[in-house]
Amino acid sequence: MSDVAIGSQPWYRSLNRSQWNTLIASNLGWLFDGYETYALIISVGVALRQLLDPSQYPQIPFYAGTVIAITLLGWAVGGLIGGVIADYLGRKRTMLLAILAYSLMTGLSAFAWDWWSFMILRFLVGVAIGSEWVTGTSIVAELWPDKNRGKGVGLMQTGFGMGFFLASVAWYFIFPVGPDAWRVMFLLGVVPALLTLWIRRSIPESERWERVNDQRNVATERERSGAALTAQEKSLARFTVADLFAEPTIRRRVTLGFLMSLATTFAFWGISAWLPPYVAALAAKSNLSPQLYASYAAMANNGGAIFGYAAFGFFADAYGRKPVTIAYVVLAFLSVPLVFLWTHDLTFVLIAAAFSGAFVSGQYTWMACWLPELFPTRVRATATAFVFNTPRLIAWTGPLISGWLIANFGGFSTAAVAIACVYILSIAAAPFLPETKGKPLPE
């Protein structure tokens, strides 16, 4: 087929079956991560009422924030480990291991018998799911064509929002089960294990990774033999985490990406986790069902997030990674007072919740879209995982801080607006990263 004919095709017709299968597998893996994560957010209150002594009920916001925070801490640990494994073991194999691990851990968390066992199991769930995102992001970025890479990772990122939405709908039907409804939600988290059977036979390993892995093996053998290594061979033989800080360009990009990722992650977990209970409180004041309106808010917020995730990729391919990222962050910042301060009518709050989801959650696509294009193949998964996950070592305190603000300084509105100020970090750092729209991935 001529280049003219290829250029005149719709973008989606230029992709082969392997590229589509890779997107589907990555999207589904991230979807089940999203389901499991949001299942915790919306059911943790019910779980704690069963796992805590009644005398501790007034402190449920604190305990809920702690459980969510511990899960985030597990994400950070597991994500860092997973990124390194993906650079050494391969994208596909690491994805299979990650899905199997978080399926097992999620199912086990349904059998928690007290507060401590629940918290420990949640940490292990976080460790298990932490590496799935980076493997999916890396393999989609490496298999999809340069001009459509943003669309691919944007569509992959919608899986998280779909998982959130699926958990919202599931909770709507499971909640009437009673005190054990939260256990049912987590038992359903075992289902993703079945996905690995399809992944094994339907998606290829990244050829870019295989080529670089062969070069790494050669460089490592030469190093062991005492041979003099070229600069490139030294980079390949170096441990990937150390390699992130050995070269000035990579080190600078990691630092800037970390600041932006910290803003995105800290704000998300300090704001979105409290949106359903905020709407529930408004509904209770109007003598309406708090649980029902919490579900409505979650569905609106996550419906907006799905749109925001996908739209980011299309906008980024059209206008560039940098301007679209900055626009999303600014709109996310504005959406917080819109939800928590300027709107009190329940109908408008739900509309505002959808708008917030599109940008507070949707901005996560910048990491899937931009980060893989900033780093060479030898450290792509490690660097992307480092930037995506290390902020959780700080951001895991977001739910704790917002829970403390809610309890002591004027409720949800004050806490959300205070947490949103962290977006200033992202707006300040983004201009210093290079634009990568349509460019080949660094080798």
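The values are calculated or read from the model by the stated rules, or taken from the named source; none is laboratory data. Bear in mind that the values here come from a model prediction, so they are computed numbers and not experimental data. In this analysis, Cβ positions are derived from the backbone assuming ideal geometry, glycine residues included, and neighbour counts consider all displayed protein chains.
Among the residues that make up region 253-268, is at least one of them over 30 Å from residue 299 (Cα atoms), out of contact with any Leu (no Cβ under 8 Å at 6 or more places or on another chain) and either modelled with pLDDT under 85 or of a type outside the set (Phe, Trp, Tyr) (or both)? Yes, some residue in region 253-268 is over 30 Å from residue 299 (Cα atoms), out of contact with any Leu (no Cβ under 8 Å at 6 or more places or on another chain) and either modelled with pLDDT under 85 or of a type outside the set (Phe, Trp, Tyr) (or both). Residue count for region 320-350, restricted to those that are assigned to a helix (DSSP H, G or I) and in contact (Cβ under 8 Å) with a residue 60 or more places away in the chain: 15. The single condition from (1) surrounded by fewer than 24 Cβ atoms within 10 Å (Cβ to Cβ); (2) of a type outside the set (S, T, N, Q); (3) modelled with pLDDT under 90 that residue 298 fails is (1). Here residue 19 does not qualify as under 26 Å from residue 272 (Cα atoms), of a type in the set (S, T, N, Q) and surrounded by fewer than 24 Cβ atoms within 10 Å (Cβ to Cβ).
For region 307-325, the set of residues classified as surrounded by fewer than 24 Cβ atoms within 10 Å (Cβ to Cβ) and under 26 Å from residue 346 (Cα atoms) consists of 307 only. Checking 335, 286 one by one, the residue that is over 25 Å from residue 395 (Cβ atoms) and among the hydroxyl-bearing types (Ser, Thr, Tyr) is 286 and no other. Elements of the type helices (runs of 4 or more DSSP H) sitting completely within region 170-232 and holding at least 2 residues that are within 30 Å of residue 376 (Cβ to Cβ): these cover 195-202, 207-225. Only residues that are over 20 Å from residue 190 (Cα atoms) and surrounded by fewer than 24 Cβ atoms within 10 Å (Cβ to Cβ) were counted in region 120-143, giving 1.
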